[in-house]
Amino acid sequence: MTACIPVGDQQINSDLFKSRQDMEQRAAMLHPGMTEDAVFEKICISKGKFTHMSLPEVQMSLYGNSVVQGSPTQLDNFRRQLMAYQGYYLPYSDISDSGSLGFGSLRVNKTGYVLRLVLIFQHGKLLQASIDGNQDVNQYEDKSLFNVLLQKTTGVSF
């Protein structure tokens with residue numbers, strides 16, 4: 001015997017975007033060469049809401065790899081170029097959890113998306129704007145009913 005029950009939702013920055021399509025539309029309005037101020041004004045979100053990216057994060061976002069090979073001169077030139085970049089990201093997710101109750105266990109189905117808006121600037125001008133992450137999340141997870149009840153009542157999980 002099983003029953004379908006709502007488990008809970010996980011939302012991050014859902015107050016900043018109406019939907020995933022809203023996020024995509026705002027990102028599509030951005031184009032390389034825009035100033036930082038113009039970018040944040042265009043998407044109607046203050047720069048303070050974004051998280052500053054480290055240089056390895058910027059490198060991963062631009063090149064897809066944090067390992068760089070080359071001669072010492074090439075590596076030094078690459079490092080200097082990378083130092084001119086400033087990166088910011090804003091996480092955005094909407095995950096709905098529903099569960100099927102079984103004998104002593106709960107099977108949780110998580111659906112939705114986990115995204116982040118990434119903005120890379122070079123010398124104060126937009127170099128790249130992208131949306132990274134899982135466009136569609138559809139995961140199953142088996143949990144002990146005891147742990148779920150304990151977490152719901154005390155906020156602590158084992």
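Nothing in this text is a laboratory measurement; each read-out follows from the coordinates by a stated rule. In this text the structure is predicted, and so the values were computed from the model without any measurement. In this analysis, Cβ positions are derived from the backbone assuming ideal geometry, glycine residues included, and neighbour counts consider all displayed protein chains.
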- [ ] Arrange THR73, THR35 by Cβ neighbour counts within 10 Å, fewest through most, would you?
- [x] THR73, THR35
Open item on the list: Sort 112-122, 59-69 by the packing proxy (mean of other Cβ within 10 Å over each peptide's residues), most packed first.
Closed with: 112-122, 59-69
Open item on the list: Using DSSP to call loops (not H, G, I, E or B), can you name the trypsin sites (Lys or Arg not before Pro) in segment 7-50 whose Cβ has at most 13 other Cβ atoms within 10 angstrom?
Closed with: LYS18
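According to the Kirkwood expression over distinct Cα-Cα pairs, how big is the hydrodynamic radius of segment 5-55, in Å? Display every interim value, and only then the final one.
Numbers: mean 1/r = 0.0769 Å⁻¹.
For segment 5-55, inverting the mean 1/r across all distinct Cα pairs yields 13.0 Å.
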